[in-house]
Structures are given as structure tokens and as C-alpha cells.
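First comes the structure, then the notes that go with it.
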Amino acid sequence: MTRFLPTALLLAAASAIATEPYQQRSDVRAFVAETAERNGLDAKVLLRHFRKAKPDPAVIKAITPSTEPAARSWQAYRARFVDAKRITAGLEFWHDHEIALVRAQARYDVPAEIIVAIIGVETIYGRHTGQFEVFNALTNLAFDYPPRAALFRRELEQLLLLARDQRRDPWQYRGSYAGAIGLPQFLPSSIRKYAVDFDRDGRIDLSASSEDAVGSVARFLSLHGWQRGEPVARPAKVSLCNTPQLLAEGIRPARLPEEMEEFGVESDGAPARPAALIDLATPDAPTEYRLGYQNFYVLTRYNRSSFYAAAVADLAETLRAARPQAQAPGADLKAEAAPGTGLR
């Protein structure tokens, strides 16, 4: 329990000052002054926005790590995201937005199934985008959650700039408890940097426009180094006594598969490209291993988790494999792909 004590003390200290209205707090007023000066914003207007902000215990509770975290399970994680519900909804989304997906693939070189899979994992195609007022959520996190306050103050500033860019009231945005917005769950900084008006209606709206979401996901991956036609991952077999060094090297691709053979890693037919050894562990079950290539690494830039990247890859492969079946009358949409097959 001692390793959780610093965070607990910080949160307790934060709750002690949370009763003071945000617009009166010295840390908020300092943020307003700095943000206004840095970006040419009106400090009085910013303070009026903070006058509406209220402490929301649900936000802090949602982001605070459990003091008794459950064991991470790849099999449980995969089952949550590669399931019949997302497969069926993903095929419908692909059918309904095929033209936009074809355009995105042609422009950004990112396969349609990857784009569809990410939106499916993030929000089940817009069904669960979050109902928090983003300004209020980010205010709570920026000033009452010390462990990540710096990150969320940057995102709060970016939300104010996004609202100025889009000529909107910053209180109009709704999203997750962490301030993620729309079908692809972009933080405000990512919207400003990567989002695109893909439906060409003169504005970017990741909540109402599926086309904007499709184009923005593709552009994000492209700008983070997606490689056209290259693999995402391939299955691997390992000799545990020789692999700790490879795992310690992290998930950035650095070694050719033939180099990994010296460490007891077998990957028959794996492309001769730099890769990293990825371990997907499940308690009381054999660990699944994969070679993660550049495109796997790019997926972890969207969400910095190997579980996430592997789930997106598996859902994408499942959708691609099921798509021809879905076009046939009476097709079974509950198809399952073998894990770790990667993408073409």
C-alpha cells in the first residue's frame, strides 16, 4: 500500500482546497493570466468561464488508479473489444461510410479496416462518446488531480484555443471524463493538430461528422509514421530464458526477426523488417508473443498500450476477413479471426 501513499496524500490535499470556487483560486487565476498573455485571450472572459466550473468527484474517481489494481489480462482485454457487437457495428459503419474510408485510405495510406477498428474500440462507432462537460472535466483534472495536472492544464489551454478557432463557447464540448471528444476520442490538442474537415463542410466536428472522424484518424496515424502496405504484427514463439533483454528494449522496432533468433524467438515467415518483441500476458495462461512492426508502434501513439494496439489490429483483421461474408445474403457476422495474424 505504501506505493499508493504519495498519490493519496496529493489527492487529499487537492480535495481540501476544492471547496474554494475555481475563479477565486490563486492557481486558477495564475493559469488564466498566463494563458491570456500567451495566446492573446481576454482574461476577464476566461475567469467568467471558470465561474461556472464546479468540482466533480466522478471525474477524479474515474481517473484515479485503484489501490488494488486487478491483474492485467490480455485475453480479457481482447474479448472486450473483439466481440460480436463491435464486429457487427463495424461492418455496418464500413458499409455506411465506404466512400469516406476509400478516400482516407487513398490520401493517407492507412487501411480502412484500421480506421474502422480504432473508432470501434474508442466509442463503438459513436455510441459512447461521453457526457461530461469537457471544460469542467479538464478544470477538475488540471487543478484537483496533481499527478497529471501539467498535462491537463495544457489540454485545458488547448480547449480554449480550439473554442476560439471554431468560434464556439468552450462549455459546448462534451466528451469523456478525461476530456476526449467525439467518435475517435481526440483530446483538444490532437483536434487542433491532427483533425481534418474531411466532409468539406467548412468545419471540423468529430462528434457529429463520421467523415471528419474517419479522415482525422487516418491523418493522425499517417503523421505518426504509418507505413503503407507494411505489417502490423506477426505471431512469435519464445524461449523465456533468453527474452528479458528484448522485452526490456521496449516496443520501438529495433531488431530484425533473424537477430531475435539468437534470443530464442521464432517467427516463421515474419517479414524482414525491424520489429520489437511484444508480450501479451494473461494470468494463469501462457503469455502470447508477437513481433510488433512500425505500424504496431504507430498504433501505440494513439493509445500507449500494447494491449490497445493488439486489440485494434485483431479487430481490424476480423472486420476485413468478415467483410466479404457480410456482403452475402444471410452471412454470419460473428466471425472471429485468429489472434496475432497482423495486417497485410
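For the stretch 1-55, a residue qualifies if it is modelled with pLDDT of 95 or more, farther than 19 Å from ALA150 by Cα and of a type outside the set (Lys, Arg), and the qualifying residues are PRO21, GLN24, GLY40, LEU41, ASP42, ALA43, VAL45, LEU47, HIS49.
Residue by residue, here is whether (1) closer than 26 Å to HIS97 by Cβ; (2) aliphatic (A, V, I, L, M) holds:
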| residue | (1), (2) |
| --- | --- |
| ALA117 | yes, yes |
| ARG127 | yes, no |
| VAL134 | yes, yes |
| PRO147 | no, no |
| ARG153 | no, no |
| ARG164 | no, no |
| ARG174 | yes, no |
| TYR177 | no, no |
| LYS193 | yes, no |
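Restricting the search to helices (runs of 4 or more DSSP H) fully inside the stretch 120-228 and requiring at least 2 residues that are touching a residue at least 60 places away in the same chain (Cβ under 8 Å) and under 30 Å from TYR293 (Cβ atoms) gives 210-223. Would you confirm, using the coordinates I've provided, whether ALA272 is more than 23 Å from ALA311 (Cβ to Cβ), of a type in the set (A, V, I, L, M) and touching a Leu at 6+ places or on another chain (Cβ under 9 Å)? Yes: the conditions hold for ALA272. Looking at VAL102, VAL59, just one residue is in a helix (DSSP H, G or I), among the hydrophobic types (A, V, I, L, M, F, W, C) and loosely packed, with under 13 Cβ neighbours inside 10 Å, and that residue is VAL102. Looking for something surrounded by 14 or more Cβ atoms within 10 Å (Cβ to Cβ) and in a helix (DSSP H, G or I) - is there at least one such residue anywhere in the stretch 273-283? No, every residue in the stretch 273-283 fails to be surrounded by 14 or more Cβ atoms within 10 Å (Cβ to Cβ) and in a helix (DSSP H, G or I).
Here ILE251 clears all of (1) without any contact (Cβ under 8 Å) to a residue 60 or more places away in the chain; (2) within 19 Å of the chain's Cα centre (by Cα); (3) in a helix (DSSP H, G or I) except the condition numbered (3). From the list LEU343, LEU319, LEU299, the lone residue that is within 25 Å of PHE93 (Cα to Cα), hydrophobic (A, V, I, L, M, F, W, C) and modelled with pLDDT under 95 is LEU343.
Here's the yes/no breakdown for (1) surrounded by 23 or more Cβ atoms within 10 Å (Cβ to Cβ); (2) over 17 Å from the mean Cα position of the chain (by Cα); (3) farther than 18 Å from ALA117 by Cβ:
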residue: SER176; (1), (2), (3): no, no, yes
residue: ALA180; (1), (2), (3): yes, no, no
residue: PHE186; (1), (2), (3): yes, no, no
residue: ASP199; (1), (2), (3): no, yes, yes
residue: SER207; (1), (2), (3): no, no, yes
residue: PHE220; (1), (2), (3): yes, no, no
residue: LEU223; (1), (2), (3): no, no, yes
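The values are calculated or read from the model by the stated rules, or taken from the named source; none is laboratory data. Bear in mind the structure is a predicted one, so any value in this text is a computation, not a measurement. All Cβ positions, glycine included, derive from the backbone under ideal geometry; neighbour counts span all protein chains shown.
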